[in-house]
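The values are calculated or read from the model by the stated rules, or taken from the named source; none is laboratory data. What you see is a predicted model, and the numbers here were worked out from it, not measured in a lab. Methodologically, a virtual Cβ is constructed for each residue, glycine included, from the backbone with ideal geometry; neighbour enumeration extends over all protein chains shown.
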Amino acid sequence: MTTLVHASITPSPREFARPARPRFGGAQLVLLGALLTACGVPPTMADAESGTPQSETGATETEGSTIGTGTSSLDDTTASTETEAETEAETEGPGELGPIALINAFELGADQHDEVTTYWSDVNDVLMTQPGYVSSFLAAAVATKAIPEVRFGRVAIITWEDEAGFWPAVQRGWDLHGQPSWEGVTTYPGLYERIDGPAAEASFDGSNTVFVNAFEVPTERIDEVAGYWHDVNEVLEGQPGYVTSSLYRQYESEAIPEVELGLVSLVVWEDEPGFWAGVQAGWDLHGQPSWDDVAFYPGIYERIR
């Protein structure tokens, strides 16, 4: 089975007019983590609310806690050695966990999110009728005190039986609805393999809090970042309110040879306050990241399709 995050556009990144967005490097995340107390809103005391005005990125502003995801270098050399052969194989195609992901993140303004959502839904309705379709997912960013500015206003995922069958289905959608010509919208589609966790995007509904984190990470650091994510995620799995989680790693393909976001993680929780409490437990055991050459683009999302 192939898990794909849907682009609703051509299978290569299309950049229309890309606005500047903040980059969360390791040092900035540590700094933001320290602001938990300074802001008077520690993760365990967060009080998320919905239904407030939307930000320029199309994210809904809510009350919440304070920032980001924890990550720290993997210092277990034994684990690194044991996974070396697996990692080498993963760069050439799907890992042992199976799904291939075409993950698409949309960078857009508040005045564009309805248009993009409608187009994606129309094309997705076509995809759902095509051979090989399994499931689909569209999430909208929700701005909170923790993450007031979310770079990607929409993130979309589609599960397909195989990549070869996916592209003809997308073409069928384009034949019926055309290809978009949005000004000021940048999309970041990429082919990924799931390297940790179950296929999380198929196992929750709109009532759950979804934390998506996209990483710009040098190839030589991917194993280190993924290793730390795994360590912290093992802590999260034991916390109250945890639902599911997945980690996806980009790999080269003829369809999309260049992908900006090397890793994408998805963590699903019953509610946002509980999520931050779980993250804090992970940081308590494994620390916070300090990678100056890794950019993080975290966001809280809600499932809308």
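Descriptive notes on the structure:
- Residues of the range 252-269 satisfying the condition of being touching a Phe, Trp or Tyr at 6+ places or on another chain (Cβ under 8 Å) and either part of a loop (DSSP other than H, G, I, E, B) or more than 23 Å from Arg154 (Cβ to Cβ) (or both): Ala255, Val259, Glu260, Leu261, Gly262
- Checking Ala146, Ala140 one by one, the residue that is modelled with pLDDT under 95, part of a strand (DSSP E or B), among the small types (Gly, Ala, Ser) and buried (at least 19 other Cβ atoms within 10 Å of the Cβ) is Ala140 and no other.
- Per the listing Val279, Val264, Val294, the residue uniquely closer than 14 Å to Ile103 by Cβ, buried (at least 20 other Cβ atoms within 10 Å of the Cβ) and touching a residue at least 60 places away in the same chain (Cβ under 8 Å) is Val264.
- Some residue of the range 112-132 being assigned to a strand (DSSP E or B) and either more than 22 Å from the chain's Cα centre (by Cα) or within 23 Å of Ser246 (Cα to Cα) (or both): no
- Checking each residue in the range 97-133 for being more than 13 Å from Trp182 (Cβ to Cβ) and surrounded by fewer than 19 Cβ atoms within 10 Å (Cβ to Cβ) picks out Leu97, Gly98, Ala110, Ser121, Asp122, Asp125, Val126, Met128, Thr129, Gln130, Pro131, Gly132.
- Test result for Gly274, touching a residue at least 12 places away in the same chain (Cβ under 8 Å) and either touching a Leu at 6+ places or on another chain (Cβ under 9 Å) or closer than 23 Å to Gly153 by Cβ (or both): no
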